[in-house]
1. With respect to Asn43, determine if the residue is farther than 30 Å from Gly158 by Cβ and surrounded by 18 or more Cβ atoms within 10 Å (Cβ to Cβ).
2. Quick check on the stretch 156-175: of everything there that is surrounded by fewer than 13 Cβ atoms within 10 Å (Cβ to Cβ) and either in contact with an Asp or Glu (Cβ under 9 Å, 6 or more places away or on another chain) or in contact (Cβ under 8 Å) with a residue 12 or more places away in the chain (or both), which residue is farthest from Val207 (Cα to Cα)?
3. If you go through the stretch 191-207, how many residues are touching a residue at least 60 places away in the same chain (Cβ under 8 Å), within 24 Å of Ile4 (Cα to Cα) and buried (at least 18 other Cβ atoms within 10 Å of the Cβ)?
4. Being under 26 Å from Asn60 (Cβ atoms), at pLDDT 95 or above and not in a helix (DSSP H, G or I): is that true of Val106 here?
5. Could you tell me how many of the residues in the stretch 1-46 are small (Gly, Ala, Ser) and modelled with pLDDT under 95?
6. When only residues in the stretch 46-89 that are of a type in the set (Gly, Ala, Ser) and part of a loop (DSSP other than H, G, I, E, B) count, which is surrounded by the most Cβ atoms within 10 Å (Cβ to Cβ)?
7. Within the stretch 122-131, work out how many residues are assigned to a loop (DSSP other than H, G, I, E, B) and buried (at least 16 other Cβ atoms within 10 Å of the Cβ).
8. Looking at Val115, is it β-branched (Val, Ile, Thr), at pLDDT below 95, more than 12 Å from the chain's Cα centre (by Cα) and surrounded by 14 or more Cβ atoms within 10 Å (Cβ to Cβ)?
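The values are calculated or read from the model by the stated rules, or taken from the named source; none is laboratory data. Every value quoted in this text rests on a predicted model; they were computed, and no experiment measured them. Glycine gets a Cβ as well: all are built from the backbone with ideal geometry, and neighbour counts include every protein chain shown.
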Amino acid sequence: MELIHKYFPDLNERQQEQFGIMLRLYPEWNEKINVISRKDIENLEERHILHSLAIARFINFKPGSAVLDFGTGGGFPGIPLAVMFPDTQFLLVDRTGKKLKVAQAVAEACGLTNVRFQHGDVAEVKEKFDFVVSRAVMPQQDLLKICRKNISRDQRNGVPNGLITLKGGDVQAELGPLAQVSEQVDLSGYFKEPFFETKKLLYTPVV
């Protein structure tokens, strides 16, 4: 947990324990159900948990917030964020049932009570959320078209409600007209490891 400690030194004992469970369980589950590439599982802390926590550097969700994780796969970024923000409610949605099974098992082992799961398409989700988060599922314009209906107009955070995604490489093309209203954050400003040099966080407000 060296990297997590490095960038989040104020974690309480419970949070440290939960991240420790994640680091132990994901490799075990990955042997049975491939949620992270076999070659990449050794980079779990840096490229999956810490990458997910870039959102926690961008915004500090207020207690009572609700967040939808679209295309969560094995639970990223939703589960690491749920550990960081125990007073925020998370719904993790994915079309692949076996990946959700892993996410559910990890969340249960971590004792997370602020996480729910839904197997299926986000089009089936009718609830409203303060934010939708996602990690490289589809282009920002396409994702916003699908999930705009799920973003509440009621504001409770310091940042207006909207869509927050984690991306790699050149994002200008996929933003299109959204570039005028979206914020791009270079993750190299948050984390110094070489992996993050080409990684970005995109935030598009829905107001």
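1. no
2. Gly169
3. Looking only at the stretch 191-207, we keep the residues that are touching a residue at least 60 places away in the same chain (Cβ under 8 Å), and these are 191, 193, 195-196, 199, 201-204, 206.
Filter again for within 24 Å of Ile4 (Cα to Cα), leaving 191, 193, 195-196, 199, 201-203.
Applying the additional criterion that residues be buried (at least 18 other Cβ atoms within 10 Å of the Cβ) yields 191, 196, 199, 201-203.
Selection size over the stretch 191-207: 6.
4. Details: under 26 Å from Asn60 (Cβ atoms): yes; at pLDDT 95 or above: yes; not in a helix (DSSP H, G or I): no.
Against the criterion (under 26 Å from Asn60 (Cβ atoms), at pLDDT 95 or above and not in a helix (DSSP H, G or I)), Val106 does not qualify.
5. Adding up the residues that qualify gives 1.
6. Applying the first criterion (of a type in the set (Gly, Ala, Ser)) to the stretch 46-89 yields 52, 54, 56, 64-66, 71, 73-75, 78, 82.
Pick out the ones that are also part of a loop (DSSP other than H, G, I, E, B) and you get 64-65, 71, 73-75.
Numbers: Gly64: 11, Ser65: 20, Gly71: 20, Gly73: 22, Gly74: 26, Gly75: 32.
Filtering first and then ranking leaves Gly75.
7. Initially, the stretch 122-131 is screened for residues assigned to a loop (DSSP other than H, G, I, E, B), giving 125-128, 130.
Remaining after also requiring buried (at least 16 other Cβ atoms within 10 Å of the Cβ): 125, 130.
The number of residues fulfilling the criteria is 2.
8. Numbers: β-branched (Val, Ile, Thr): yes; at pLDDT below 95: no; more than 12 Å from the chain's Cα centre (by Cα): yes; surrounded by 14 or more Cβ atoms within 10 Å (Cβ to Cβ): yes.
No: the conditions fail for Val115.
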